[in-house]
Amino acid sequence: MNGKKLAFKIVGWAVLVIMLLVMYFPIAMVIGYSFSSAKAIGGSGHFTFAWYAGLIKDEALLDATVNTFVIGIVSGLIATVLGTVSAVGIYYLKRGRKSVMNAASQITVVNAEVVTAVGFYLLQLFLRDTLHLPVEEGMGWLIVAHTMITVPYVILAVTPRLSQLNPNLAEAGMDLGAGSVRTLFTVILPQLVKGMISGFALAFTLSLDDFVVTKFNKGDVSTISTYVYDGLKHSLNNSVRALSTIIFVAVLVIMILFNLFGSRKNAGATKKRKRKTPVSVAGDQ
Amino acid sequence: MRKRAVGKGIFALPYAAVCVIFVVFPLLLVVAYAFRAPEGGFSLSTLADVFTNPSNYISLLRTIGIALLATAICLLLAYPIAFILAASPFNKIAVLALLFVIPMWMNFMLRMFALQSILSMMGIANTFAAAIIGLVYDFFPFMLLPIYTSLVNLDRSYSEAADDLGAGAVTTFLRTTLPLSVPGILSGITMVFMPCFSAYAVTDVLGNSDTTLIGRKIAVLFDLQEWEAGSALSLVLLVLVMLTMLIGTLLQRRNKAKGSASAVPNAGGRLL
């Protein structure tokens, strides 16, 4: 039995290492060649910062990067607020309405993204041409669209936290005279912060990654995805190597900080809760 | 208690309203445009064109074919890997983070740029194989995750019982482990097969004219402001997605029913 376990461990390590190599090899090559003068990745060249210098001058690529982050952060924040409030609402709905809302929130998740993208484009046409509303493709519309496609994921991130809530706390809030809204903000929401943070992270990543919905609704605005896509089909400035490297390193650092900060904060919260409200600790078990 | 529960349900209202405007209504618009003639008025000809114009249905069939191929390769690669990882005594969260979360950190198009660089280095960029490699590279984690989760959470007592009763390793795997991981496989298949329909950017950047997916065709039609033709293709895609979902649900349900019949109550359903 022990030999079998050891064999599985060795093979497991081998498989894991090979997978990681395959997965990260392309990214590692891009990072390496971001410091090389070689025209193509795999070619020979000398050490240089030229692509980083070029990146500062490449206004179109910088614009696309800024747009990507603005859309990601703004739509992520709106989605987090809307998603959290909706998760609370859906959680307390009665069975029939609850399943209708759950199904509705899954439509964009399940649907082919192209169809969602087409839908947003047609909606924008309808609002502008038929209802004469001041709606058009571009930043604002992209923020709306990205919010709508990421809200379901925030709901998914927050709902499990809701089911771990101690119902007595909300009851107590109501008994002490707080209305629904006040109970939501002062009792329920503070307990959902962790779910909200992971919901935001998820929404932000998905928005950053999005191509199809953005492509259909962007108008003249570019994001990293659409800019690189157009570049790969025509000609792409090698500064993209520098951008890839910066983004990869930045995200790595953010994630590490996030994890350190997150685990410490979590430890603090547990301690505090143990001290202040023994009821909720008992309820958690 | 009930009265209060209804009170808090009010918070679902804003989302319900937003859903109707931004999710349900756009789908109705897609249907409306699909049945519209470019000059206005009701028409079936745009929709009929999807099935009579060879360039349309060939593109659709090709998309289905490529999606099936990429899904099959993902499954064949992911199952053994998930099996080995699940059987080895690794920290579950660390494995998931390394294989699933970290690749997601980077923008998908930048990952495609990296992959394209490597494939051109190998001299196989802009081929059919390159397009398939791209899809597999992009979607592999989505196949691995559900299968790995279903295998890790598997109730080992069935395999142990089979083992005790003298079944060989192969029989044990085929009669207990594999059937119990079917929900994971099914969910992996839907998580790869359906997104492939929309992943035209991958095959565009890495493949050639033989790998143009239906999504690309719709994008071109919308660029040309041929909204009716684009919507007709989208509607067909929508119906295909619904059919796939339906088949998936039926298979899951049948699997569950079969599971309880053979005295393995809900061991699978619980995993998802």
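Being closer than 22 Å to A:Leu77 by Cβ and open to solvent by 30 Å² or more (accessible area, probe 1.4 Å) is a property that holds for A:Phe200.
Looking at the range A:135-143, is at least one residue facing chain B (nearest Cβ under 10 Å) and of a type in the set (Val, Ile, Thr)? Checking the range A:135-143: not a single residue is facing chain B (nearest Cβ under 10 Å) and of a type in the set (Val, Ile, Thr).
Answer yes or no as to whether A:Gly32 is within 28 Å of B:Gly134 (Cβ to Cβ), part of a helix (DSSP H, G or I) and touching a His at 6+ places or on another chain (Cβ under 9 Å). No.
Checking A:Ile254, A:Ile224 one by one, the residue that is facing chain B (nearest Cβ under 10 Å), open to solvent by 30 Å² or more (accessible area, probe 1.4 Å) and among the β-branched types (Val, Ile, Thr) is A:Ile254 and no other.
Report yes if B:Val192 is touching a residue at least 60 places away in the same chain (Cβ under 8 Å), crowded, with 20+ Cβ neighbours inside 10 Å, facing chain A (nearest Cβ under 9 Å) and out of contact with any strand residue (DSSP E or B) (no Cβ under 8 Å at 6 or more places or on another chain), otherwise no. Walk me through how you get there before you give the answer.
Values: touching a residue at least 60 places away in the same chain (Cβ under 8 Å): yes; crowded, with 20+ Cβ neighbours inside 10 Å: yes; facing chain A (nearest Cβ under 9 Å): no; out of contact with any strand residue (DSSP E or B) (no Cβ under 8 Å at 6 or more places or on another chain): yes.
So B:Val192 does not fit the description; no.
Each residue in the range A:168-180 was checked for being open to solvent by 30 Å² or more (accessible area, probe 1.4 Å) and more than 9 Å from every other protein chain (Cβ to nearest Cβ), and 6 pass.
Exactly one residue among A:Ala38, A:Ala14, A:Ala7 is of a type outside the set (D, E, K, R) and open to solvent by less than 30 Å² (accessible area, probe 1.4 Å), and that residue is A:Ala38.
Residue-by-condition table, conditions (1) more than 14 Å from chain A (Cβ to nearest Cβ); (2) in contact with a Lys or Arg (Cβ under 9 Å, 6 or more places away or on another chain); (3) open to solvent by 10 Å² or more (accessible area, probe 1.4 Å):
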| position | (1), (2), (3) |
| --- | --- |
| B:Leu29 | no, no, yes |
| B:Arg36 | no, no, yes |
| B:Ser45 | yes, no, yes |
| B:Tyr57 | yes, no, yes |
| B:Ala70 | yes, no, no |
| B:Leu75 | yes, no, yes |
| B:Ile81 | no, no, yes |
| B:Phe90 | no, yes, yes |
| B:Met112 | no, no, no |
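Sub-6 Å Cβ pairs linking a first residue in the range A:57-77 that is closer than 16 Å to A:Leu236 by Cβ to a second residue that is not hydroxyl-bearing (Ser, Thr, Tyr) and not in a helix (DSSP H, G or I), at least 6 apart or interchain, are A:Asp58/A:Asn237, ordered by first then second residue.
Taken over the range A:102-116, residues that are within 7 Å of chain B (Cβ to nearest Cβ) and open to solvent by 30 Å² or more (accessible area, probe 1.4 Å) amount to 3. For the range A:117-133, which positions are under 15 Å from B:Val20 (Cβ atoms) and either open to solvent by less than 10 Å² (accessible area, probe 1.4 Å) or at the interface with chain B (Cβ under 8 Å from one of its Cβ atoms) (or both)? Once the filter is applied, which keeps residues that are under 15 Å from B:Val20 (Cβ atoms) and either open to solvent by less than 10 Å² (accessible area, probe 1.4 Å) or at the interface with chain B (Cβ under 8 Å from one of its Cβ atoms) (or both), the range A:117-133 yields A:Gly119, A:Phe120, A:Leu123, A:Phe126.
The C-beta contact set for the range A:174-197 (first residue free of Cβ contacts under 8 Å to residues at least 40 places away in the same chain, second residue open to solvent by 30 Å² or more (accessible area, probe 1.4 Å) and of a type in the set (Ser, Thr, Tyr), distance under 7 angstrom, 6+ apart or interchain) comprises A:Ala178/A:Thr186. Does A:Phe216 qualify as being in contact (Cβ under 8 Å) with a residue 24 or more places away in the chain and at the interface with chain B (Cβ under 8 Å from one of its Cβ atoms)? Criteria met by A:Phe216.
Residue-wise test of (1) open to solvent by 10 Å² or more (accessible area, probe 1.4 Å); (2) more than 24 Å from B:Leu243 (Cα to Cα); (3) part of a helix (DSSP H, G or I); (4) touching a residue at least 60 places away in the same chain (Cβ under 8 Å).
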| site | (1), (2), (3), (4) |
| --- | --- |
| B:Ala131 | no, yes, yes, yes |
| B:Tyr148 | no, yes, yes, yes |
| B:Ala162 | yes, yes, yes, no |
| B:Phe173 | yes, yes, yes, no |
| B:Pro179 | yes, no, yes, yes |
| B:Gly215 | no, no, yes, yes |
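For A:Ser99, the test of being among the polar types (S, T, N, Q) and open to solvent by 60 Å² or more (accessible area, probe 1.4 Å) is passed. Taking only the range A:47-75 into account, find how many residues are away from chain B (no Cβ under 14 Å), in contact with a Ser or Thr (Cβ under 6 Å, 6 or more places away or on another chain) and within 27 Å of A:Trp141 (Cα to Cα). The number of residues fulfilling the criteria is 1. Tallying residues that are in a helix (DSSP H, G or I) and farther than 18 Å from B:Tyr200 by Cα within the range B:40-71 yields 9. When the range A:41-74 is filtered for residues that are within 25 Å of B:Ile118 (Cβ to Cβ), open to solvent by 30 Å² or more (accessible area, probe 1.4 Å) and touching a helix residue (DSSP H, G or I) at 6+ places or on another chain (Cβ under 6 Å), the ones remaining, listed by number, are A:Gly42, A:Trp51, A:Tyr52.
The values are calculated or read from the model by the stated rules, or taken from the named source; none is laboratory data. Bear in mind that the values here come from a model prediction, so they are computed numbers and not experimental data. Positions of Cβ are generated from backbone atoms using ideal geometry, with glycine treated the same way; all protein chains shown enter the neighbour counts. Note: areas computed on protein heavy atoms with side chains; ligands, DNA, RNA excluded. Shrake-Rupley method; radii C 1.70, N 1.55, O 1.52, S 1.80 Å.
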